[in-house]
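Remarks on the structure that follows.
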Amino acid sequence: MAQISNHTETTSQNPNNSQTPSRQADNIPASLLQQINETIARYPVSKRSASLPILHLWQNHFGYIDDSAIEWIAHLLDLQPINIYELVTFYPWFRQSPPAKNIIRVCRTLSCALAGSYEIFDKFCHAIGIDPHLAAHHDGLINSPCGNFSIQFVECLASCGTAPVCLINDDLYEKLTPNDIPKILEKLKTNSEQTPNTP
Amino acid sequence: MSANNSFPTPFSPTPHPLERRIIFANLTKPDYKPDLITYLAHGGYNELRKALTLKPSEIVAAVKASNLRGRGGAAFPTGVKWGFINPNDGKSHYLVVNGDESEPGTFKDRYILHRDPHQLLEGIAISAYALDVHLAYIYIRCEFPHAARIVSNAIAEARAAGFLGPNILGSSFSLDVFVHQGAGAYICGEETSLLESLEGKRPYPRIKPPYFPAVYGLYMQPTVVNNVETICHIKHILRLGPEEYAKMGTPGDGGTRTLCVSGDVQKPGAYELPAGSVTLRQLLYDICGGPRPGRTFKAVIPGGSSAKVLRIGEKIITKSKNSDGSLSEKQTDILDVIMDASNLAAAGTMIGSGGVIVLDDSRNMLWALNNLNLFYAHESCGQCTPCREGSLWMAKITSRMLSGKGVPSDPRTLLSVANNIAGRTICAFGEACSWPTQSFVEKFPEDFEAAASNPITTLTAA
Ligand SMILES: Cc1cc2nc3c(=O)[nH]c(=O)nc-3n(C[C@H](O)[C@H](O)[C@H](O)COP(=O)(O)O)c2cc1C
Ligand code: SF4
Ligand code: FES
């Protein structure tokens, strides 16, 4: 089903459309290059194995993966661009458009649903100005109008014993109650040192 | 709510009297840290020292004698799996540790990876020595970003101290271990899909035969894929001795087992119990504190979301051999079924990954099935037509029924779709996605018939 995710993501708005698009592959910092080379060394049998970890490094640095990245990584690993493109379109974690500052992934699956995760998801969506119905049926991230938050309803995060849970950026939030949500969002806003344009 | 590594744990500070913590012994201590100093202070890497004085074949024999079964889902005897590897075939062998933990209801490997990575690394080093492996990968789902860092740090520490890397502890045995992160796809937990993913490809599962990992595994070489928890057990088999270890469990299921309980119980959590030591009743009432106030139990999914659901009140008919060789039939109440691999198999379901999801009488089973169907529809890799189309079709039917547009033929259609997936696909996801539908519809017909004939309105959780 990751194919659907790709479909929706490529059709979403690219904020760079109006300007000359800057190619990610033209802006690779030395630190990223070094990490990429270290990664390849971990796969002495086949450097193709490094494609997933390189995509992770890339997305962590640039926020998403553009066409130049696909060509650049393919070339680096002696592959065809399709060999990288088919990974970006299959794996739900990879995206081809920029996310907002904070990424909120609320668990949707049964144990969390039993503990009220649909309510948690709705509350998050309302608080950041996104239609929860739209977001629940969207594959991939949806960005809030203020640009501070992306949200996604995701499958089991393997913390069902402390349900309901969500993953925000790298951190897990557990045993959530609807009252936690304003506090969490406030903290995230302060962390990203930015006042949102819309409440 | 909390957002750091000192997460609110699903462990009680003192173990329940029925618990026996071996895998969880250290990581449940509040002051236990995932670093090497702490691990060494708790007797860490002693078993690796011991292992290096043994012959690899002696370790494989010990694992066989321990009756350890895989904790990843299929409950395959680990010693038998290891026996498929021929150390003298002149080929490269690989060990791949499955830390994808994404079967809904399962949350045990998470705590091992975050809190006790050296326990896993010691298990890997011993296993690799036994299997003539010099390169091992730990596949960790990317939704555990902290775990990937913690385990990578632990690998660096262990390497610097001579527990991994070249000439481990002065021996001639060398081993490199690396972390490989997944990218959000449930199917990567299936072992052949995981190998494709590790090779940098789309994770389409490989067909068996011929692509058994032990024959054509990573890079087409003989490979052992084991779950994180399974590998952790290895050092305890050496520590306790295979006989002592086996004795904790049952002849068909040695050692301890972690059971992760979530859903409608008073005390959800991860519990480590001697395998086959408790009945479902003891688990739900004694250990997990029974149902929420004013509620009664309705259903239990015993081994991760793919396991067939059990209906509270159902009777299981088991056949046993009498001393004179004749067969006798016994009716067992489902609550009295023992929670181990063979007894749950006899009850028509499975211990799977040990993820127990409990539903009480406030829940509608159509609603619950629809939740799982949406999961499977999202996670099918799309390779096989019955699975790709069927999983989506089942989700569409249950969603439509929930929206009040059910038709009388829906339960039958659901069963017919499910029956045409299982057994007709490349990987066991086909079974995994059809078993919930088959068992929910068969065991809770009233919830489905109600929605199939007249629209229902109150279907929200909680
Ligand atoms: C659809 C599917 C998903 C699976 N997910 C996992 C998983 O998340 N973690 C895991 O350890 N095993 C998972 N497995 C089981 C693996 O294929 C494999 O049997 C297991 O990793 C072997 O290790 P073990 O023998 O130690 O259990 C899954 C299997 C299937 C069919
Ligand atoms: S059964 Fe489903 S998940 Fe497995 S290979 Fe076929 S389509 Fe993919
Ligand atoms: S169902 Fe939410 S963490 Fe497992």
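The values are calculated or read from the model by the stated rules, or taken from the named source; none is laboratory data. Note that the coordinates shown come from a computational prediction; the quantities given were computed from them, not determined experimentally. Every residue, glycine among them, receives a Cβ derived from its backbone with ideal geometry; neighbour counts consider all protein chains shown. Heads up: the accessible areas ignore ligands, DNA and RNA and are worked out on the full protein's heavy atoms, side chains in. Shrake-Rupley method; radii C 1.70, N 1.55, O 1.52, S 1.80 Å.
Tabulated data for the structure shown
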{"quantity": "Distant-in-sequence amide H partners of B:Tyr94 (H built 1.01 Å from N, under 5 Å)", "calculated": "B:Thr223, B:Val224"}
{"quantity": "B:His146, B:His42, ranked by accessible area, largest first (probe 1.4 Å)", "calculated": "B:His42, B:His146"}
{"quantity": "Centroid-to-centroid separation of region B:423-444 and region B:227-299 [C-alpha atoms, Å]", "calculated": "25 Å"}
{"quantity": "Coordinate range along principal axes, alpha carbons of region A:48-157, Å, largest first", "calculated": "47, 31, 19"}
{"quantity": "14 Å beta-carbon shell around B:Pro222, net charge (K/R +1, D/E -1)", "calculated": "-1"}
{"quantity": "Zero-based 20 Å bins, Cα pair distances in the protein assembly as shown, whole percents", "calculated": "18, 54, 26, 1, 0"}
{"quantity": "Listed residue pairs exceeding 21 Å between alpha carbons, taken from B:Lys267/B:Lys298; A:Lys47/B:Lys108; B:Lys33/B:Lys247", "calculated": "A:Lys47/B:Lys108; B:Lys33/B:Lys247"}
{"quantity": "Rounded to whole Hz, the Karplus (6.51, -1.76, 1.60) HN-Hα couplings of region A:65-73, x for glycine and proline", "calculated": "10, 9, 4, 5, 5, 4, 5, 5, 5"}
{"quantity": "Mean Cα-pair separation over length for region B:258-360, i.e. relative contact order, pairs under 8 Å, 6 or more apart, %", "calculated": "37 percent"}
{"quantity": "Overall dimensions of region B:301-444 as given by Cα atoms, namely Rg and Dmax in Å", "calculated": "16.6, 57"}
{"quantity": "Pairwise FRET efficiency - B:Arg149 versus A:Gln80, Cβ, R0 = 35 Å, nearest 0.05", "calculated": "0.65"}
{"quantity": "Set of lysines with alpha-carbon distance to A:Lys183 below 25 Å, sequence-local pairs under 8 removed", "calculated": "A:Lys101, A:Lys123, A:Lys175"}
{"quantity": "Amide H contacts of A:Ile103 (H built 1.01 Å from N, under 5 Å, at least 5 apart or other chain)", "calculated": "A:Ser150, A:Asn169"}
{"quantity": "Cα centre as origin, Lys/Arg/Asp/Glu Cβ charges: region A:68-156 dipole, Debye", "calculated": "300 debye"}
{"quantity": "Lys, Arg +1 and Asp, Glu -1 on Cβ, resulting dipole of region B:36-248 about Cα centre, debye, nearest 20", "calculated": "160 debye"}
{"quantity": "Fraction of the pair-distance distribution of region B:1-108 above 21 Å, Cα-Cα pairs, percent", "calculated": "58 percent"}
{"quantity": "Which of B:Glu329, B:Glu191 is most accessible, then next, and so on - probe 1.4 Å", "calculated": "B:Glu329, B:Glu191"}
{"quantity": "Convex hull projection area averaged over all views, region B:258-360, Cα basis, nm²", "calculated": "6.3 nm²"}
{"quantity": "Orientation-averaged projected area, Cα convex hull of chain A (nm²)", "calculated": "12.5 nm²"}
{"quantity": "Radius of gyration, Dmax [region B:76-118; alpha carbons; angstrom]", "calculated": "14.5, 41"}
{"quantity": "Distant alpha-carbon pairs in region B:36-248 (separation over 25 angstrom), percent", "calculated": "32 percent"}
{"quantity": "Exposure of A:Tyr64 as accessible area (Å², to 10), given a probe of 1.4 Å and all protein chains", "calculated": "30 Å²"}
{"quantity": "Dimensionless Rg over Rh [region B:187-334; C-alpha; Kirkwood]", "calculated": "1.05"}
{"quantity": "Per-residue [θ]222 nm for the protein assembly as shown (sum of -39500 (n - 2.57) over DSSP H runs n ≥ 4, rounded to 500)", "calculated": "-11500 deg cm²/dmol"}
{"quantity": "Over chain B, equivalent-ellipsoid semi-axes from the Cα gyration tensor in Å", "calculated": "37, 25, 22"}
{"quantity": "Kirkwood hydrodynamic radius (C-alpha pairs) into Stokes-Einstein, region B:365-452, 10 °C and 1.306 mPa s, D in µm²/s", "calculated": "128 µm²/s"}
{"quantity": "Heavy-atom SASA rank of B:Arg239, A:Arg42, B:Arg202 (probe 1.4 Å, accessible area, largest first)", "calculated": "B:Arg239, A:Arg42, B:Arg202"}
{"quantity": "Using a Förster distance of 30 Å, the FRET efficiency for A:Ser68-A:Lys187 (Cβ separation, nearest 0.05)", "calculated": "0.25"}
{"quantity": "Area buried, chain B against chain A - accessible surface, total, 1.4 angstrom probe, square angstrom", "calculated": "4700 Å²"}
{"quantity": "Phi to ³J(HN,Hα) by Karplus 6.51 cos²θ - 1.76 cosθ + 1.60 over region B:109-115, Hz, x for Gly, Pro", "calculated": "4, 3, 6, 5, 5, 7, 10"}
{"quantity": "Inter-part distance where region B:372-390 and region B:59-110 are each reduced to a Cα centre, Å", "calculated": "27 Å"}
{"quantity": "Fraction of accessible area attributable to carbon and sulfur, chain B (%, probe 1.4 Å)", "calculated": "54 percent"}
{"quantity": "Theoretical gain in end-to-end length, B:Ser57 to B:Asn167 [0.36 nm per residue, Cα-Cα removed]", "calculated": "37.6 nm"}
{"quantity": "Förster radius 30 Å - calculated FRET efficiency between B:Glu446 and B:Thr413, Cβ distance, rounded to 0.05", "calculated": "0.95"}
{"quantity": "Distance-filtered residues of region B:109-130 - backbone nitrogen under 20 Å, label point 7 angstrom along B:Lys33 Cα→Cβ", "calculated": "B:111-122"}
{"quantity": "Average beta-carbon neighbours from other chains, 10 Å sphere, peptide B:137-146", "calculated": "4"}
{"quantity": "Average beta-carbon neighbours from other chains, 10 Å sphere, peptide B:200-211", "calculated": "3"}
{"quantity": "Gain on full stretching of the segment that runs from A:His126 to A:Ser46 - 0.36 nm per residue minus C-alpha separation", "calculated": "24.1 nm"}
{"quantity": "Vicinal HN-Hα couplings computed from phi for region B:39-50 (Karplus, 6.51 cos²θ - 1.76 cosθ + 1.60; Hz; Gly/Pro x)", "calculated": "4, 5, 5, 9, x, x, 6, 5, 6, 5, 4, 4"}
{"quantity": "Shielding by partners, peptide A:161-174 (average Cβ within 10 angstrom, other chains)", "calculated": "6"}
{"quantity": "Within straight-line cross-link reach of B:Lys321, aspartates and glutamates at Cα separation under 16 Å, skipping those fewer than 8 residues along the same chain", "calculated": "B:Glu329"}
{"quantity": "Protection-proxy order for peptides B:255-262, B:59-66, each taking the mean of Cβ atoms within 10 Å per residue, highest first", "calculated": "B:255-262, B:59-66"}
{"quantity": "Average Cα contact separation per residue, chain B, under 8 Å, 6 or more apart, as relative contact order %", "calculated": "15 percent"}
{"quantity": "DSSP bridge pairs, the protein assembly as shown: antiparallel proportion in percent, nearest 5", "calculated": "55 percent"}
{"quantity": "Region A:102-194 - Rg (one decimal) and Dmax (whole number), Cα, Å", "calculated": "12.0, 35"}
{"quantity": "Net length gained if the chain between B:Glu389 and B:Ala74 were fully extended (0.36 nm per residue, minus Cα distance)", "calculated": "110.9 nm"}
